[in-house]
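Take a look at the structure set out below.
The values are calculated or read from the model by the stated rules, or taken from the named source; none is laboratory data. Quick caveat, the model's predicted, so the values are computed rather than measured. With ideal geometry, Cβ positions are generated from the backbone for all residues, glycine too; neighbour counts draw on all protein chains shown.
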Amino acid sequence: EGGLPHIWLERHPAVREYSFHSQVHDSFSRIDMVLLSSYLLCRVESCSYLPHSISDHSPLQVVMDFPEVLPLDHRWRLNPRCLATEEFVAMVGNWIDEYLVHNGPPSSTPDYVWEALKATLRGHIISHSVAYKKKYCARVLKLELELRQAETEEYKNRSTESRERVVKIRHDLNMISTSKAENALLRTKSKYYARGDKAGKLLAWQLRKVELECHISEICVSESAPSGDPSVINKGFASYYSSLYSSESSFQGSRDRMSNFMDALPIPALTEEDKIHID
């Protein structure tokens, strides 16, 4: 009547699919919709319900074509979460070693070597990120297809087995979505945070993970059996650091021994060719 048709019904008039399942009444309904002007129906490329992995409602995805709207320029930047994995750090180290073998300072000036190394590392990191993203998207797509099939089976059979399968697949998608949301929050500028610097569930979860990773459950002191007593652990660390930062030699004669030690160190020096490049 108002010229705002329901897009999903326009595209799928005979399909049996729903967006919400009421646990109380054990019924299915289609209450999530997108109303669009009839003048814009020609712009719609696709319209479909997505699996409801996070919410209890299925999100409705509408893809529209606006060729006159140009996409925004995207400037690449390194994801700092990649540096938290030892495998990625080891790969970057191997890339640097491989580059310096063929492009060392004698072959060019140090500033050119540094700028070219940054460009090379950027190419390697982008290639690695693209491969990881393809693998991640393939896993998400597989879970979404399995969830769609399980939901369709639940619509038809409404059995306990199909319901348990839907719950299991949703749990796997929730774990992936949580990691994705955490990454998005870390990369978002601080002015977009709704809670500011106040404590929340996400912050508490992150702090709990860090605390568990740094927790020392037991310690061995002076060849004794491992002890998990907090007082024994604290005394052991206090004794270790007090002996670590205490000097065992007197001041008399220590300066000569220190000078002899420093003179014997093989300190590297710049070659004449490197000095010319730096100048």
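Contact annotation: residue pairs with Cβ atoms under 9 Å, 6 or more positions apart or on different chains, pairing a residue in segment 261-279 that is outside the structural domain of ASP111 (by TED's automatic domain parsing) with a partner that is assigned to a loop (DSSP other than H, G, I, E, B), are HIS277/SER108; HIS277/THR109; ILE278/THR109; ILE278/LEU270. Scan VAL130, VAL101, VAL69 and give me the residue that is outside any helix (DSSP H, G or I) and either over 30 Å from CYS42 (Cα atoms) or not assigned by TED's automatic domain parsing to the domain that holds GLU182 (or both). On inspection, the qualifying residue turns out to be VAL69. Selection of helices (runs of 4 or more DSSP H) fully inside segment 144-258 by the criterion of at least 3 residues being at pLDDT below 75 returns 160-187, 201-214.
Note on segment 72-88: residues that are over 23 Å from ALA181 (Cβ atoms) and either surrounded by 10 or more Cβ atoms within 10 Å (Cβ to Cβ) or not assigned by TED's automatic domain parsing to the domain that holds GLU182 (or both) amount to 1. When the residues of segment 159-170 are filtered to those that are free of Cβ contacts under 8 Å to residues at least 12 places away in the same chain and closer than 18 Å to SER19 by Cα, the one that is farthest from the chain's Cα centre (by Cα) is ARG163. Checking the structure you have, find out if any residue of segment 125-135 is out of contact with any Gly (no Cβ under 8 Å at 6 or more places or on another chain), charged (D, E, K, R) and surrounded by 12 or more Cβ atoms within 10 Å (Cβ to Cβ). Among the residues of segment 125-135, not one is out of contact with any Gly (no Cβ under 8 Å at 6 or more places or on another chain), charged (D, E, K, R) and surrounded by 12 or more Cβ atoms within 10 Å (Cβ to Cβ), which makes the answer no.
Only one of the numbered conditions (1) surrounded by 12 or more Cβ atoms within 10 Å (Cβ to Cβ); (2) touching a residue at least 12 places away in the same chain (Cβ under 8 Å) is not met by GLU98, and that is (2). Quick one: what pairs do we get from segment 3-19, first residue assigned by TED's automatic domain parsing to the domain that holds LEU36, second basic (Lys, Arg), C-beta under 7 Å, 6+ apart or different chains? Pairs found: TYR18/ARG30; SER19/ARG30. Take LEU141 and decide whether it is aliphatic (A, V, I, L, M) and touching a residue at least 60 places away in the same chain (Cβ under 8 Å). So LEU141 does not fit the description; no. Among the numbered conditions (1) within 30 Å of THR178 (Cα to Cα); (2) modelled with pLDDT of 80 or more, the only one that VAL44 does not meet is (1).
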